[in-house]
Amino acid sequence: MKSIPNSRIVSARARTILLAGVLALWSMPALAQPRPERLSDKDVKALIDQVDQGRDKFEGNLDGQFKGSTLRGPAGEVKISGALQDYQDNTKKLQDRFTADYAASAEVATVLQQSTTIDTFMQNSASAMKGRNEWDRQVVNLRQLASAYATTFPLPDGAAVRRMNDRETAGAAGAIGAAAGRFKNDLDNDRTLAKADRNAAKRDVDLLIKQADAVKSRTSAGRPATADMQQVVDQVARLEEFVGSHPNTNVTNWQAVRTSLDKLQQAFGVTP
């Protein structure tokens, strides 16, 4: 019986290991896609304008006879011209109401609800229907708008539509820094802590304050801050380990840090 050369044995073994590795990768769950960067107020305002422009282009390309017709459905008769005017009124109202002090979440919900009704009709209509191309482009705008308000399009029944504008988001970051500063004072006054533990924790708190200030500054300026926000989350988790291993530590101000962190994560569309 012929002996198999060592080189062939090694080669076969290498192929087996490679195949096993590939199969293992196939069996692993897909990595979660990173959430899109939080949009600034300026970006959202531009997006709202795009939604209104998309509505106008869609309506302008509809067949004139269709716009003057009446549809009959389970909910009764609907005059197309009236529905289109209502849609226009709602997008214009959204444009007017959105400000730095008001995110217009209720107005966005109304526009997304009405858009969902229109989308259902368009998806059930012939692809050759006039205005279909313009509506498909409008759907892209609506999906982006829904994402900015922590939901999806078409809008699911009972979905929450919520956004924190830049000032509110910066305020949450500032509250983290302020509460962390008070917690640092608590550490200074805690005589049960060993000096080395106290100093190490204070250094971690100082870093948290610096990171929270970075989120506040960037958000206030309408600049991206998702990476900075994640650093805040990671630093809080690091300090959480310290708090958990020192049960005698005063946690009143630490709880205030956690409460403000929950709000900041919501502003960035991250589940606490």
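No value in this document is a laboratory result; all are computed from the given coordinates. Every value quoted in this text rests on a predicted model; they were computed, and no experiment measured them. Note that we place each Cβ from the backbone using ideal geometry, even for glycine, and neighbour counts take in every protein chain shown.
According to the square roots a ≥ b ≥ c of the eigenvalues of the Cα gyration tensor, what is the shape class of the chain, taking rounded for a/c under 1.5, prolate for a/b larger than b/c otherwise, and oblate for the remainder? Verdict is oblate for the chain. Structural descriptor for the range 166-267: relative contact order 45 percent, calculated from alpha carbon pairs under 8 angstrom and at least 6 residues apart.
How high is the relative contact order of the range 122-178, given as a whole-number percent (alpha carbon pairs under 8 Å, six or more residues apart)?
Working: 22 pairs, mean separation 11.0, N = 57.
Relative contact order of the range 122-178: 19 percent.
With each label modelled as a point 7 angstrom along the Cα→C-beta vector, the residue 72-residue 97 pair spans 3.5 nm.
Taking every C-alpha pair closer than 8 Å and separated by at least 6 residues, the mean separation divided by the residue count of the chain gives a relative contact order of 20 percent.
Computed packing ranks the peptides 101-113, 166-178 as 166-178, 101-113, most packed first, by mean other Cβ atoms within 10 Å. Computed from the C-beta positions of residue 252 and residue 162 and an R0 of 22 Å, the FRET efficiency is 0.20 to the nearest 0.05.
Derived scalar couplings between HN and Hα for the range 136-142 equal 4, 6, 5, 4, 4, 4, 5 Hz in order, rounded to whole Hz, by the Karplus curve 6.51 cos²θ - 1.76 cosθ + 1.60 (θ = phi - 60°), x for Gly and Pro.
Within the set 42/210; 57/79; 184/210, which residue pairs have Cα atoms separated by over 18 Å? Listed pairs above 18 Å: 42/210; 57/79.
In order along the range 38-52, the Karplus-derived 3J(HN,Hα) couplings, from 6.51 cos²θ - 1.76 cosθ + 1.60 at θ = phi - 60°, round to 4, 7, 6, 4, 4, 5, 5, 4, 5, 5, 4, 4, 5, 4, 5 Hz, and Gly and Pro are given as x. Rounded to the nearest 500, the helix-only mean residue ellipticity at 222 nm of the chain stands at -23500 deg cm²/dmol, with each DSSP H run of n ≥ 4 adding -39,500 (n - 2.57).
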